[in-house]
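FYI, it's all coordinate maths here, none of it is from the lab. Keep in mind it's a predicted model, so treat the numbers as computed, not measured. No Cβ is skipped: glycine too gets one built from the backbone with ideal geometry, and neighbour counts run over all protein chains shown.
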Amino acid sequence: MASESQRTILAALDLSEASGAVLRQVGVLAGALRARVWLLHVAEPDPEFVGREVDPQVMRDDLAHEYRREHKELQGLSQELRDAGVESTALLVQGPTAEKILEEAERLEADLIVIGSYGRGGVRRLLFGSTSEDVLQSANVPVLVVPTHEQALNRESG
């Protein structure tokens, strides 16, 4: 755990439009707790190139371009927090999303994990699982799940 004088918040962002709701909550919490924030985006793992007709090097180049774009976007969000007076660092990692969120929370000695809930229905959850649910079930620290599905975002703006 971080020292009593400064807490550490790990905020997992998927870089969708809904990430703004998570970022706003993190800003409020970090200000109130005088916490340091790590903004984490977990990028897709390297795809399997076997059996593809497209040149693997072209695919790797496209993937590298996407990682650079995501990192730049994450850096911009971190700068927004810093501009608001919150100590913030951007972190882009690659791998299975829930697993990486939990690993980084432990490595950074996070006091709190903040993650969005995207309000997906039962069939999709059965097929793909829920990152926020996986993190909630396995985290060793408190987890704040911010509702980011359309109805919650409409309530927030209205």
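Let's test the formula: R0 of 30 Å, r as the Cβ-Cβ distance of Ala84 and Glu44. What FRET efficiency results, to the nearest 0.05? Present the calculation step by step, with values, prior to reporting the outcome.
Values: r = 30 Å, r/R0 = 0.99.
Approximately 0.50, to the nearest 0.05.
Based on other C-beta atoms within 10 Å, arrange Leu33, Leu112 from fewest to most. List each step's numbers first, then the result.
Working: Leu33 15, Leu112 22.
Lowest count first: Leu33, Leu112.
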